[in-house]
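Asker: Sending over a structure as structure tokens; questions will come in a sec.
The values are calculated or read from the model by the stated rules, or taken from the named source; none is laboratory data. The structure presented is a predicted model; accordingly, all values stated were derived computationally and were not measured. Note: ideal-geometry Cβ built from the backbone for every residue, glycine included; neighbour counts use all protein chains shown.
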Amino acid sequence: MKRTLIFQDTEQIEHSIDLLAVAEKMYGEESFESYAFVTDSIDSSGNSVGPLSGFFQKIIHVGRQVVEPNDQIGICAVLAQLQKEYQFDSILVPATPFGRMVAPRLAKRLHTGIVADITDIRRQNGSVEIIRPAYSGRLMAAIVSRGSGPVMMSVRPGVFKYTGRGGVETELSEYTTPPETRSSLKTLEVKKKQIFYDIRESKVLISGGGGVLRGFSGLQRLADALHGRVAASRKIVDKGIAPRSIQVGQSGRTVSPRLYIALGINGAIQHVEGMKNIESIISVNTNRNAPICSLSDIVVEGDAMEFVDKLTDRIEAFRSEAHAEQGAQQ
Amino acid sequence: MNIICVVKIVPDVDSFAYDYEHNTLIRENIRMILNPDDACALACALKVKARRSDCSIEVLSMGPESVRPHMEDLLRLDTDRGTIISDPVYRGSDTYVTSRILTRYLSTRSFDVLFTGSHALDGDTSHVPAQLGEELGLDQMSGITSVDLEHFDTRRAVFDVEYESSVVTWEMALPGILSLDRESGYKLPYVKYEDFQKDVSGKVTVVGNRELGFAPEEVGSRGSLTEVVRTYTQSFETRERNIVQNDEEGIEAVFNFLLEKGLLVK
Amino acid sequence: MNSETILEEVRKLLTPEQVNTDRETLYDASADRYKKYAKARGVLDVPMPLAIVYPNSTEEVSRLLQFCNENRINVIPRAGKTATEGGLENWKEQTLVIDALNLNKIIKIDPYNMQATVQAGVALQELEEELRKEGCTTGHSPQSKPVAKLGGLVATRSIGQLSTLYGGIEDMVVGLECVFPDGHISRIKNVSRRAGGPDIRHIAIGNEGTLCYITEVTVKCFRFYPENNRFYGYLVKDVESGIKVLREVMVNGFRPSVARTYSEEDAAQHFYHFHKNKCVLLFMAEGPEGIVDATCRAIEAAAEKFKDGIIEQVDSKYIEDWFNNLNWSQQDIDDEYEGMKEHDSHAGFTTEISADWETIPKIYNSVINRVREEYPRAHDLTMLGGHSSHSYINGTNMYFVYNYDIHCAPEDEMRVYHHPLQKLIVEETLKFGGSMCHHHGIGKFRSEWTKDEHGSAYYMLEKLKEAFDPNGIMNFGTIFPQEEGRKYLT
């Protein structure tokens, strides 16, 4: 039986569960023991173990009195100690900012290889291939881990979805040995970010061009439905309909969202220059030969504003369905 | 104060061409540039230096000898020396081995702080700064968006890191490793016109395995603990381009696509 | 005369409203698109003109020139403001820019005789729109059409994107009116053809404001048949293969309106959605139906004859879409300007040269090699390529296009990047016997090679300058090399 340790998702603890899907892809369903490693939450807003209960065979918790939750060096030491005890076959770390600092450090300490920010796992001729994008997503690399230590990787958030329903009997264990080495890092101040609207930071962009000159403000509805932001091509900005700060392109911003919906955008090279490493592109255009269409995963031939209304309605219907379902379960 | 900037010359991924016949990216003859995050790191180091009279900056880069012109461009700024770690036996080193090689060199130098970038355009593993931290027993922080130049001395550094919903100000005891993010906006100064042709070759040292003394099986692809077994493209140009109409069927296709891609969070 | 007095006098000569001394406008008038980046960054190294003046009539132009001539005040004639080679850059402390803003009347549209007469400050787009109402076109369509004005187009020997059919502006001008530094007004009459001594239109056409000020022009018009437009596109192995097909079509006596070959690098900029890293060859045929049919057959036959060099034909829809989105507008120019303030790069530069059919590929290959081998900042180039876009029975042009990341101070950009590249291109072109200036004019930044360009015929140019502008007040530094201006070169 393989053993996998999943490090907590430091941003959203319940997302840690999704990493079970990675282990499943490596070992097959139910052929591994799952461990979760959980600290006190950084902002001390209560117990973070709860949501994981029922998904992991064992949850190892370490309290603030033993190690500060943001102490990379201390946590690394604790994890190394756990590895000695449990001899995990793999350690999976969500690629959150903290996870991406702890994981390589731990790999070094354990003298094992590590793969960063992975997006897929494939089993090929009996070995596990770890898939990750390189060169800003232009190239995908299949990587195998050769060391004798545990297989280590950091996992891109939001890519894997665990579909298991839980119901596992979870054993809770408290780790109490303070680490010998600690970080000197101290938090001096935490400022909540003002809601600063930077299209470069959005994972979903609903972008409008000449084809939506009239009705540009209507894009917000779709952006809300997809938890994204509205962006614009130069044509829109030139007309004074949108501020320059949301312009995509050579003379505007360069964006790399996961999803880019191009509404009524022709796709001159100056615009496309600002679209880098975008996972999925959907374009809506009355001209199916518009340059942007050849970059798209899906081309919707037709009026962009009409599309916005229809798709928003569809998503909203889906959400209320899902909501009703949840209500029924409770 | 001694600063070492660890930088990488990377292929400019935007200049990649696509070979349609063989379905691969053409990686020969492509333009090399200073990794953008690393440029911010050096720019920030130069700002630190500008405020102190006792400060020296060494630029350190591992790569093929061909990075020399790029290194020389950096030495036409207010930097003091450049070191290129280069040896054919290091080719194919993964991050584990790379951080080991860099550490062996760094342990021969005395420094108060290392500046690096957070992400690299090519591999983008962000492993090396953290692994240098582990090897050297130092703190390391990625994603730094601003450094408090007022409170920067040989004992400590104060800096900001931007997260999704907050900005956190940290203090780190030095020596330590500060990894800058390109969002910091620190910009390298321009090389002065008179300095463009300046001969700075005397400031460059090339360090090879003769100096560092690894056994060949410890380094390069042989010594690496991860191996890239194949690469393939998920290219910009070869999207499926599934054309649908703006009707119920088309909307359903888009909807299902979003669902599959995990873009519809309930 | 001191600058204050000059301004006072000019205000008296015209009205105060016709004299603009707004600082920002003067800064903008100090340089043209040659120094667009330095201008956007606020680091221009040249003096500002004293004023921009807007005469309302030919007579006012005459009085202004006479005044400047008597007082040795430099004059920069201007209309449209889309110059790219420094023709509108100012190198003198005392300069007046005479802008054709108010010379904005369309004087006569004459569809029966197929000619139109306009003042110098009429925008080409405006004239085109008027002609369209009559079912006609100017046939002149440079990328700058929405901005450029007739006076500027004629003064710089402009060429349009449809020149392979309609010719350059010099083939279109029937007659014109111009004013010389001594105030003399010359009118060249509008006739279909004559043998009345040398064709003196060519003293004004292309003078770049160094001999006279053009106030009025009459151009030909052509029947407009947009419904007959047809397009062809091919991916070809290399530039040479594309040029072979262009030549075949041309020497067989056909005149497509657009006939172009793009290098792979340049094709990537315009046709990224279908070029597949290959060179692109494209044609557009326009005109009366029978002629279009014949031209299309000739294009197909030429493509067939040289099919070894052709990889595949592309959907003509792509070419048509490209053609319909070709021109840049004032908005594009403003937008590029804003972009340059933020980014250490811009939309790139060009140098356009011409030569006969057998020489063009030699120049192209030689330039590309030299840049790769000799240019010290080659590692900053983000693109280097070119296209041939204007063909003639005996040859064609080559439009070198290059772009780079700027790693020097904005004020050093030209001497670190553009100028050395342009120098390489010019040197190679002249060495092989081509012309260094196919259609952007010489301006100020190619004037160091004017004598090499013209050789023994420079004598004729020089005499013209001596005769018409003995005091050297007309656009100092443009076309005619000036020792004093060298400090602004590199």
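Here's the yes/no breakdown for (1) facing another protein chain (nearest Cβ under 10 Å); (2) in contact (Cβ under 8 Å) with a residue 24 or more places away in the chain:
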{"site": "A:ARG229", "(1), (2)": "no, yes"}
{"site": "A:VAL237", "(1), (2)": "yes, no"}
{"site": "A:ALA262", "(1), (2)": "no, yes"}
{"site": "A:SER296", "(1), (2)": "yes, yes"}
{"site": "A:ALA304", "(1), (2)": "yes, yes"}
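Asker: Can you tell me how many residues within region C:382-401 are within 13 Å of chain B (Cβ to nearest Cβ) and either more than 24 Å from C:SER354 (Cα to Cα) or crowded, with 20+ Cβ neighbours inside 10 Å (or both)?
Answerer: Adding up the residues that qualify gives 3.
Asker: If you don't mind, there's one more thing I want to ask. Among (1) among the basic types (Lys, Arg); (2) surrounded by fewer than 22 Cβ atoms within 10 Å (Cβ to Cβ); (3) without any contact (Cβ under 8 Å) to a residue 60 or more places away in the chain, there is one condition A:LYS58 misses while meeting the rest; what is its number?
Answerer: All conditions pass for A:LYS58, except number (3).
Asker: Being outside any helix (DSSP H, G or I) and either of a type in the set (A, V, I, L, M) or over 29 Å from C:ALA409 (Cα atoms) (or both) is the filter here; which residues of region C:343-385 pass it?
Answerer: Hits for region C:343-385 are C:ALA347, C:ILE353, C:SER354, C:ALA355, C:ASP356, C:TRP357, C:GLU358, C:THR359, C:LEU381, C:MET383, C:LEU384.
Asker: Also, quick follow-up: Quick one: in region C:321-342, of everything that is at the interface with chain A (Cβ under 8 Å from one of its Cβ atoms) and closer than 24 Å to A:SER294 by Cα, which residue is modelled with the highest pLDDT?
Answerer: So the residue we want is C:ASP321.
Asker: Go through B:SER86, B:SER99, B:SER66 for me and flag whichever is out of contact with any Ser or Thr (no Cβ under 8 Å at 6 or more places or on another chain), crowded, with 22+ Cβ neighbours inside 10 Å and either among the polar types (S, T, N, Q) or over 20 Å from B:ASP181 (Cβ atoms) (or both). Write out each step before concluding.
Answerer: Values: B:SER86 fails: crowded, with 22+ Cβ neighbours inside 10 Å; B:SER66 fails: crowded, with 22+ Cβ neighbours inside 10 Å.
Exactly one of B:SER86, B:SER99, B:SER66 is out of contact with any Ser or Thr (no Cβ under 8 Å at 6 or more places or on another chain), crowded, with 22+ Cβ neighbours inside 10 Å and either among the polar types (S, T, N, Q) or over 20 Å from B:ASP181 (Cβ atoms) (or both), namely B:SER99.
Asker: Which of the following residues is out of contact with any Phe, Trp or Tyr (no Cβ under 7 Å at 6 or more places or on another chain), within 28 Å of C:HIS439 (Cα to Cα) and assigned to a helix (DSSP H, G or I): C:LEU26, C:LEU88?
Answerer: C:LEU26
Asker: Determine whether B:VAL219 is under 30 Å from A:ARG123 (Cα atoms), among the β-branched types (Val, Ile, Thr), within 26 Å of the chain's Cα centre (by Cα) and more than 7 Å from chain A (Cβ to nearest Cβ).
Answerer: Judged against the criteria, B:VAL219 is a match.
Asker: To continue, here is another question. Which condition number in (1) touching a residue at least 40 places away in the same chain (Cβ under 8 Å); (2) surrounded by fewer than 19 Cβ atoms within 10 Å (Cβ to Cβ); (3) within 26 Å of B:PRO11 (Cβ to Cβ) is the one that B:ASP38 fails?
Answerer: Checking B:ASP38 against (1) touching a residue at least 40 places away in the same chain (Cβ under 8 Å); (2) surrounded by fewer than 19 Cβ atoms within 10 Å (Cβ to Cβ); (3) within 26 Å of B:PRO11 (Cβ to Cβ), the one that fails is (2).
Asker: Test each condition in (1) at pLDDT 95 or above; (2) surrounded by 13 or more Cβ atoms within 10 Å (Cβ to Cβ); (3) over 18 Å from B:THR108 (Cβ atoms); (4) of a type in the set (A, V, I, L, M) for B:ALA215 and report the one that comes out false.
Answerer: Every condition holds for B:ALA215 apart from (2).
Asker: Something else: Based on what the data block shows, is C:CYS136 crowded, with 24+ Cβ neighbours inside 10 Å and in contact with a Cys (Cβ under 6 Å, 6 or more places away or on another chain)?
Answerer: no
Asker: Hey, among the residues in region C:28-38 that are touching a helix residue (DSSP H, G or I) at 6+ places or on another chain (Cβ under 8 Å) and modelled with pLDDT of 95 or more, which one's farthest from C:GLU17 (Cα to Cα)?
Answerer: Within region C:28-38, the match that is farthest from C:GLU17 (Cα to Cα) is C:ALA31.
Asker: Further, regarding this structure: What are the residues in region B:122-169 that are polar (S, T, N, Q), at the interface with chain A (Cβ under 8 Å from one of its Cβ atoms) and in contact with a helix residue (DSSP H, G or I) (Cβ under 9 Å, 6 or more places away or on another chain), if any? Break it down into steps so the answer makes sense when it comes.
Answerer: Of region B:122-169, the ones polar (S, T, N, Q) are B:125-126, B:131, B:140, B:142, B:145-146, B:154, B:165-166, B:169.
Restricting the remaining residues to those that are at the interface with chain A (Cβ under 8 Å from one of its Cβ atoms) gives B:125-126, B:131, B:140, B:142, B:165-166, B:169.
Correct list: B:THR125, B:SER126, B:GLN131, B:GLN140, B:SER142.
Asker: Now, a different point. Among B:ASP122, B:ASP139, B:ASP73, which is touching a residue at least 12 places away in the same chain (Cβ under 8 Å) and touching a Lys or Arg at 6+ places or on another chain (Cβ under 9 Å)? Break it down stepwise before answering.
Answerer: Numbers: B:ASP139 fails: touching a Lys or Arg at 6+ places or on another chain (Cβ under 9 Å); B:ASP73 fails: touching a Lys or Arg at 6+ places or on another chain (Cβ under 9 Å).
Unique residue meeting the criteria: B:ASP122.
Asker: Oh, and also: Tell me which strands (runs of 3 or more DSSP E) are completely within region A:12-116 and hold 2 or more residues being in contact with a Lys or Arg (Cβ under 9 Å, 6 or more places away or on another chain), or say none if there are none.
Answerer: So the answer is A:32-39, A:90-94.
Asker: While we're looking at this one, here's another question. So, A:LEU172, is that one in contact (Cβ under 8 Å) with a residue 24 or more places away in the chain, part of a strand (DSSP E or B) and buried (at least 22 other Cβ atoms within 10 Å of the Cβ) or not? Explain how you work it out, then say what you get.
Answerer: Values: in contact (Cβ under 8 Å) with a residue 24 or more places away in the chain: yes; part of a strand (DSSP E or B): yes; buried (at least 22 other Cβ atoms within 10 Å of the Cβ): no.
So A:LEU172 does not fit the description; no.
Asker: Could you tell me how many of the residues in region B:42-68 are in a helix (DSSP H, G or I) and within 25 Å of B:VAL219 (Cβ to Cβ)? Reasoning before the result, please.
Answerer: Residues of region B:42-68 that are in a helix (DSSP H, G or I), as a first pass: B:42-50, B:65-68.
Subsequent filtering for residues that are within 25 Å of B:VAL219 (Cβ to Cβ) retains B:65-68.
Qualifying residue count for the region: 4.
Asker: Any residue at all in region A:227-238 that's modelled with pLDDT under 90 and part of a strand (DSSP E or B)?
Answerer: No - not one qualifying residue is present in region A:227-238.
Asker: When only residues in region C:300-320 that are within 12 Å of chain A (Cβ to nearest Cβ) and not aliphatic (A, V, I, L, M) count, which is nearest to the chain's Cα centre (by Cα)?
Answerer: Out of the qualifying residues, it is C:GLU320.
Asker: Separate question: Before we move on, is A:VAL308 within 8 Å of chain B (Cβ to nearest Cβ), under 29 Å from the mean Cα position of the chain (by Cα) and closer than 18 Å to A:GLY211 by Cα?
Answerer: Answer is no for this residue.
Asker: Hey, another quick one. Here are some residues: A:SER233, A:SER207. Which one is buried (at least 24 other Cβ atoms within 10 Å of the Cβ), in contact with a Leu (Cβ under 8 Å, 6 or more places away or on another chain) and of a type in the set (Ser, Thr, Tyr)?
Answerer: Testing whether each residue is buried (at least 24 other Cβ atoms within 10 Å of the Cβ), in contact with a Leu (Cβ under 8 Å, 6 or more places away or on another chain) and of a type in the set (Ser, Thr, Tyr) leaves just A:SER207.
Asker: Another question about this same structure. Just checking, which of A:ASP117, A:ASP89 is touching a Pro at 6+ places or on another chain (Cβ under 9 Å), of a type in the set (Asp, Glu) and within 10 Å of chain B (Cβ to nearest Cβ)?
Answerer: Just one listed residue meets the conditions, A:ASP117.
Asker: Here's a follow-up. Are any residues in region A:125-176 touching a strand residue (DSSP E or B) at 6+ places or on another chain (Cβ under 9 Å) and at positive phi, and if so, which ones?
Answerer: Within region A:125-176, just A:TYR135 meets the criteria.
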